[in-house]
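Below you'll find the structure, written out as structure tokens, and then a few comments.
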There are 2 protein chains.
Amino acid sequence: MPMEHKPLLIAEGLKYDGQGLIPAVIQDAENGDVLMLAYMNREAVERTISSGRVTFWSRSRQKYWVKGETSGNIQRVRSIYVDCDQDCLLIKVDQTGAACHEGYRSCFFRQAAGDGDSLEVVATPLSEAY
Amino acid sequence: MPMEHKPLLIAEGLKYDGQGLIPAVIQDAENGDVLMLAYMNREAVERTISSGRVTFWSRSRQKYWVKGETSGNIQRVRSIYVDCDQDCLLIKVDQTGAACHEGYRSCFFRQAAGDGDSLEVVATPLSEAY
């Protein structure tokens, strides 16, 4: 059943790429940590704004993906920012649990080390992978 | 003249899109503000790591773009993180001046307001547009 919402002007003004997508950087509103990056199409942007729950378009599964719908690790929208070129979003969220499906709070849990020769895990998982 | 550097293993392991690009989220190492998002190809990733200066691939100009080369608003690399899927980078930087060519510290200087019907400027520019 389609979600009820009115067309939103900011979703209309954004620049989507050749696949109709725009990247959204998700940031923890509490401590400023960057949690993940994923993609939205126009409808996902509208659903995110209307529902207050971060909703992506899954490129691999070709479907809407309400973050946390199955894992419970939801992202509640605190504020949404648009960049100068209107081709990227920044969304500050209240994150429940781990943002990363590997169980880490942030998807960016590995850091480049040794002059770019290796990756080092720099975080502790909060939970099992999901 | 090509920059001297050895091939870097982490640049090799990344997943680039159909155009050979990977998005890089640039974050202020001091206060955690997300400054901008731009794209790198493999060579730009290697140049960034080798030189310690954030270097993108400009899609519009089809050339390497050492951030701040003309404006002086350079980004010195503090640390580089790779996400779980290895298809996005997070780079913490020491930012000189404004990251945004419109003169704002961050490119994300506009916030969605009024239920997504408008954008509101929520920052003060540091300088003239450049």
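From the backbone phi of the stretch A:16-27, what are the Karplus-calculated ³J(HN,Hα) couplings (6.51 cos²θ - 1.76 cosθ + 1.60, θ = phi - 60°) in whole Hz, Gly and Pro given as x?
Karplus-based 3J(HN,Hα) across the stretch A:16-27 equals 9, 7, x, 9, x, 10, 9, x, 10, 7, 9, 10 Hz.
Quick one: which of B:15/B:63; A:92/B:63; A:67/B:67; A:63/B:67; A:15/A:92; A:67/B:92 span more than 28 angstrom between C-alpha atoms?
A:92/B:63; A:67/B:67; A:63/B:67
Any idea what % of Cα-Cα pairs in the protein assembly as shown are farther than 32 Å? Don't jump to the answer; show the numbers that get you there.
Working: 6426 of 33670 pairs.
Percentage above 32 Å: 19.
Residue by residue through A:47-60, how many Cβ atoms from other chains fall within 10 Å of the Cβ on average?
The shielding value for this peptide is 1.
Can you give the relative contact order of chain B as a percent, counting alpha carbon pairs under 8 Å and 6+ residues apart? Can you show the working numbers first?
On the way: 247 pairs, mean separation 26.9, N = 130.
It comes to 21 percent, rounded to a whole number.
Which value at 222 nm does chain B reach when only helices count, each DSSP H run of 4 or more adding -39,500 (n - 2.57), with the total divided by all residues and rounded to the nearest 500 deg cm²/dmol?
Helix-only estimate at 222 nm: -3000 deg cm²/dmol.
Considering only the label points, 7 Å along Cα→Cβ from Cα, what distances in nm to one decimal separate residue B:70 from the same position in each other copy, shortest first?
Ordered by increasing distance: 4.7 nm.
To the nearest 0.05, how large is the calculated FRET efficiency for residue A:123 and residue B:128 if R₀ is 30 Å and r is the Cβ-Cβ distance?
0.15
Of all the C-alpha pairs in the stretch B:19-83, what % are more than 17 Å from each other?
36 percent
To confirm my reading of the symmetry, which residue of chain A has the Cβ nearest the axis that brings A onto B, and what whole-Å distance does it have?
Axis relating chain A to chain B; nearest Cβ residue and distance: A:32, 1.
Using DSSP to call loops (not H, G, I, E or B), can you name the trypsin sites (Lys or Arg not before Pro) in the stretch A:56-115 whose Cβ has at most 10 other Cβ atoms within 10 angstrom?
Filter output for the stretch A:56-115: A:61.
For residue A:27, what residues show an amide H to amide H distance below 5 Å, using hydrogens built from the backbone and excluding near sequence neighbours?
Distant-sequence amide H within range of residue A:27: A:35, A:91, A:92, A:93.
Mind checking the mean number of beta-carbon atoms from other chains within 10 Å of the Cβ atoms in B:25-37?
Mean inter-chain Cβ contacts per residue within 10 Å come to 4.
Percent of Cα-Cα pairs more than 18 Å apart in chain A, please.
Percent of Cα pairs beyond 18 Å in chain A: 55.
Mind listing which GluC sites (Glu not before Pro) in the stretch A:99-130 are in a DSSP loop and have 13 or fewer other Cβ atoms within 10 Å?
For GluC sites (Glu not before Pro) across the stretch A:99-130 that sit outside H, G, I, E and B with at most 13 neighbouring Cβ atoms in 10 Å, the list reads A:128.
Is there a quick way to get the dipole size of chain A? I mean about its Cα centre, with the Cβ of Lys and Arg at +1 and of Asp and Glu at -1; what is the value in debye to the nearest 20?
520 debye
Expressed in nm², what is the orientationally averaged projection area of the convex hull enclosing the Cα positions of the stretch A:69-130?
Orientation-averaged projected area of the Cα hull: 6.1 nm².
Taking the Cα centre as origin and putting +1 on Lys and Arg beta-carbons and -1 on Asp and Glu beta-carbons, what dipole magnitude results for the stretch B:71-130, to the nearest 20 debye?
Computed charge dipole of the stretch B:71-130: roughly 400 debye.
Can you give the FRET efficiency to the nearest 0.05 for residue B:12 and residue A:70, using r as the Cβ-Cβ distance and R₀ = 41 Å?
0.80
Values in this text are rule-based calculations from the coordinates and carry no lab data. Given the structure is predicted, the values throughout are model-derived calculations rather than measurements. Note that each Cβ is placed from the backbone with ideal geometry, even for glycine, and that neighbours are counted across all protein chains shown.
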